[in-house]
Amino acid sequence: MPRNEPTEVTDGWDGGRSPRRRKAARYAVPVAVAGVAAATIGLVPAFAGSGSPDLPKISAQELIAKIAKSDVQQLSGTVRVTTDLGLPSLPGGGSAAAFGGDGQGDGPKGSDEASASPQNKLMELASGTHTLRVAADGPDKQRLSIVDKAAEYSIIHNGDQVWAYDSGSNTAVRSTADAHGKDGRGHHGPKGLPKGLKNATPQDLAKEALKAAEDTTSVTVDGTARVAGRDAYQLLIKPKQSASTVGSIRVAVDADNGVPLKFTLTPKSGGAAAIDVGYTNVDFAKPAAGSFSFTPPKGAKVVDADKERAKAGRQHGKDIKGFKDRKGLEGLKGGDGPNIIGKGWTSIATIKGSGSGLPAGKEKGAAGDAGAFLDSIGQKVTGSFGSGRVFSTRLVNALITDNGTVYVGAVDKQALIDAANAAK
Amino acid sequence: MSQAEVSGAGTPGAGAAPRRPGPLWSLGLLRSEIGMTFRRWRTLALLAVLAGVPILVGIAVKIETGDGGPAGHGGGDGGPAFLSQVTNNGLFLVFTSLAVTLPFFLPMAIGVIAGDSLAGEANAGTLRYLLVAPAGRTRLLLVKYATTLAFCLVATLVVALSALAVGALLFPLGDVTLLSGTSIPFGEGLLRALAIACVVALSLMGVAAVGLFISTLTNSGIAAMATTVGLLITVQILDTIPQLQAIQPYLFPHYWLSFADLLRDPVYWDGLQKNIGLQALYAVVFGSAAWARFTTRDVTA
């Protein structure tokens with residue numbers, strides 16, 4: 001400030017330096033500020049990401065054991081989910097959400113409920129970047145919120161009650177925890193949802209990934225990292241089966257308490273991670289008790305999911321599609337699919353179809369358009385099984401034969417065709 | 001400054017003092033600037049338009065939901081944020097109105113005030129006389145910026161208060177349901193609404209600095225206003241083009257809607273911090289650019 005005092009007083013050009021130089025010096029200030037800001041923005045994340053703390057060496061076995069005996073019951077934090085499955089994006093911005101989500105719009109429920117339905121929200125997670133906030137206090141109290149622009153979708157599990165609340169449409173969906181457990185196995189839309197969403201936390205993803213690790217998988221410890229401000233070991237999981245589309249899975253495990261903090265799945269084709277789920281912020285203190293209590297707000301539309309079960313049955317056909325995508329989201333094969341061929345990373349789920357092969361064919365009215373659309377994204381293939389279309393994403397490929405059987409898995413195209421041939 | 005203090009201390013009373021006005025003098029200048037700005041018909045008309053937005057929204061929602069149905073059919077995509085909550089709680093009209101006015105109405109009003117601040121004076125030929133007074137260009141610039149910021153706050157509060165009044169008249173008031181589904185008492189809701197109004201006012205800091213800088217570039221008030229508003233619209237459009245995702249976090253309106261994060265439980269500070277940080281950065285960069293331009297410029301008008 002003192003430097004420009006003379007100017008303030010006289011507004012003259014008698015400062016000793018030439019006006020031109022003074023002008024240049026003054027304009028240097030905003031340029032310098034902008035430059036420092038740009039450098040800070042560019043460099044700080046680079047430094048923050050490169051920190052690899054010094055931790056005692058640990059074997060993969062010990063690390064897995066650490067995860068297994070990790071007994072963290074209470075935590076709260078923010079999770080960033082980035083998925084890039086290479087699903088074709090649809091006009092209107094919907095991309096993956098349109099696959100499972102829009103299909104429900106013509107279901108027995110109105111559009112309000114459709115937007116509040118867990119299935120729909122799950123589909124949204126299948127593409128793009130999302131921020132989730134999680135809190136847990138023991139097995140009976142969990143909360144998960146999807147942070148949207150000026151809206152939030154929350155799932156609150158407290159004892160035997162599970163509530164889903166969508167602030168955008170002011171709709172609450174109630175179900176009982178009991179039913180929700182059953183639904184985790186089934187494919188009923190609304191209930192399958194909470195389970196699927198819970199699986200989006202790094203812990204569950206890591207557990208599922210390790211389950212798949214048998215003789216088909218190489219598991220190594222690959223250095224250390226800092227995740228959400230905590231020191232972590234990196235577990236590197238690679239499938240040994242060459243037909244798998246999964247390149248590698250990296251799990252960052254908290255060095256202190258064995259909680260998986262970050263889960264990154266890279267497809268074999270390279271490029272950006274297909275699935276990247278990690279805490280950006282985590283706190284292992286007990287969350288506020290109030291976060292687990294929910295009473296439907298005044299004026300909110302309350303949907304009883306248990307009563308919707310019968311109706312949901314009618315949606316079965318459509319929900320299978322959603323189910324398939326969910327597998328893609330978790331990046332796991334095997335698991336609880338309908339009919340599993342093969343094992344480990346190259347297992348393929350088969351859904352026997354009857355009649356019309358293309359799922360979109362069931363959506364009345366739109367069948368013609370949908371067919372043309374499917375032609376544009378699917379690739380015709382033939383084999384001794386007959387012919388069908390292969391739909392490819394970066395991670396999951398699906399073969400839908402003309403007689404309606406669906407083969408889907410995180411395997412390359414040839415493996416699907418082989419499976420179809422073998423099944424014939 | 002040290003010289004001034006020494007000479008001021010050495011000769012109490014008159015002497016060196018008249019050429020180095022004290023802080024009180026700046027306050028006086030600020031007061032007269034604010035008084036002049038808010039006495040203009042143009043400013044009052046802008047505020048009246050801003051106050052009218054919540055009234056329109058409130059009446060529209062009231063008519064639309066006269067049969068008892070909820071507003072915002074089709075979920076969150078169907079209308080402005082929080083619209084579906086307005087019928088249950090009039091306080092939400094405050095949030096809806098701010099969400100409606102923040103993208104264009106509010107920054108447009110700021111653009112008019114900021115763009116006019118120096119260029120308008122130059123246009124009217126009064127800038128020279130302002131500079132004749134021993135204020136100093138830096139001080140004058142700071143006062144102009146402070147006046148614009150004061151207008152940001154007043155404009156936001158006008159929208160919020162008008163929305164609160166309309167909401168209280170047309171809709172019931174009561175416990176506030178946060179986005180996360182938890183409820184807080186009405187008093188705390190009011191506090192959050194006040195905090196949101198302050199955050200919205202701070203969100204306009206960046207656009208005010210840009211407007212001030214543009215205002216130093218020209219002698220035509222209209223040109224400065226039009227450029228500022230045009231720039232705002234351009235940036236808002238850029239912010240919606242998905243292919244430009246890489247640069248969007250650095251556009252000043254990008255985090256504007258993050259004020260809604262104050263309605264989460266617990267409050268999600270991430271976006272708010274980014275928003276305020278970005279606004280401060282714009283204020284510093286364009287504020288110093290305006291300073292560089294204004295203090296070295298030949299004022300002829």
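A short reminder: the numbers here are calculations on the coordinates, not readings from a lab. Computed from a predicted model, the values in this text were never measured in an experiment. For neighbour counting, all protein chains shown are included, and Cβ atoms are generated from backbone atoms with ideal geometry for every residue, glycine included.
What distance in nm lies between label points placed 7 Å from Cα along the C-beta direction at B:VAL132 and B:ALA226?
Here the answer is 3.1 nm between the modelled labels.
Please average, across the residues of A:289-295, the number of beta carbons from any other chain that are within 10 Å of each residue's own beta carbon, and give a whole number.
3
Label B:THR65 and B:ARG297 with points 7 Å out from Cα along Cα→Cβ: what is the distance between them in nm?
4.8
Set the Förster distance to 25 Å, then compute FRET efficiency between A:THR40 and B:ILE237 from the Cβ-Cβ distance, nearest 0.05.
Working from the Cβ atoms, E equals 0.35.
Sorting check: for A:247-255, B:199-207, which peptide has the highest mean count of neighbouring beta carbons within 10 Å, and how do the rest follow?
Order by mean packing, descending: B:199-207, A:247-255.
With a 10 Å radius around each residue's Cβ, average the other Cβ atoms per peptide and rank A:35-42, B:127-134, highest first.
B:127-134, A:35-42
Springs between alpha-carbon atoms under 10 Å, Gaussian network over chain B: tell me which of B:PHE171, B:PHE259, B:PHE95 tops the mean-square fluctuations.
The residue that fluctuates most here is B:PHE171.
Please build a GNM for chain B, connecting alpha carbons under 10 Å apart, and tell me which residue among B:GLY181, B:GLY189, B:GLY136 fluctuates the most.
B:GLY181
For chain B, take the longest principal axis of its alpha carbons; what is the angle in degrees between that and the long axis of helix B:92-101, to the nearest 10 within 0 to 90?
Here the helix axis deviates by roughly 50 degrees.
Which trypsin sites (Lys or Arg not before Pro) in the stretch A:267-301 sit in a loop by DSSP (not H, G, I, E or B) and have at most 14 other Cβ atoms within 10 Å of their own Cβ?
Here the sparse-neighbourhood loop sites are A:LYS298.
Distances longer than 20 Å among the Cα atoms of the stretch B:139-258: what percent of all pairs is that?
Tail of the P(r) past 20 Å holds 58 percent of the pairs.
Please report the net charge: other residues with Cβ closer than 9 Å to the Cβ of A:ASN158, K and R +1, D and E -1.
My count for the surroundings of A:ASN158 gives 0.
Among the listed pairs A:LYS262/B:LYS274; A:LYS238/A:LYS413; A:LYS238/A:LYS286; A:LYS286/A:LYS343, which have their C-alpha atoms separated by more than 29 angstrom in this model?
Over 29 Å Cα-Cα: A:LYS238/A:LYS286; A:LYS286/A:LYS343.
Find the all-direction average of the projected area of the Cα convex hull for chain B, expressing the result in square nanometres with one decimal place.
Answer in nm², one decimal: 18.8.
Looking at the square roots a ≥ b ≥ c of the eigenvalues of the Cα gyration tensor of the stretch B:144-188, which shape do they give, rounded for a/c under 1.5, prolate if a/b is larger than b/c, or oblate?
Judged from the Cα gyration tensor, the stretch B:144-188 comes out oblate (a/c at least 1.5, b/c at or above a/b).
Once you average over the residues of B:170-183, how many Cβ atoms of partner chains fall within 10 Å of each Cβ?
6
Given R₀ = 35 Å, what would the calculated FRET efficiency be for A:ASN339 paired with A:LYS380, taking r from the Cβ atoms and rounding to 0.05?
With R0 = 35 Å, the Cβ-Cβ based efficiency is 0.90.
Mind listing the phi-derived Karplus ³J(HN,Hα) values for the stretch A:390-395, rounded to whole Hz, using 6.51, -1.76 and 1.60 with θ = phi - 60°, and x for any glycine or proline?
Once θ is set to phi - 60°, the couplings for the stretch A:390-395 become 10, 10, 10, 10, 5, 10 Hz.
Return the FRET efficiency for the residue pair A:THR216, A:GLN74: r is the Cβ-Cβ distance, R0 is 41 Å, and the value is rounded to the nearest 0.05.
0.70
Tally Lys/Arg at +1 and Asp/Glu at -1 over every other residue whose Cβ is under 14 Å from the Cβ of B:ASP270; what's the total?
My count for the surroundings of B:ASP270 gives +2.
Would you please give the residues with an amide H less than 5 Å from that of B:LEU173, counting only those at least 5 places away or on a separate chain, with H modeled from the backbone geometry?
For B:LEU173, whose amide H was placed from the backbone, the distant partners under 5 Å are B:GLY90.
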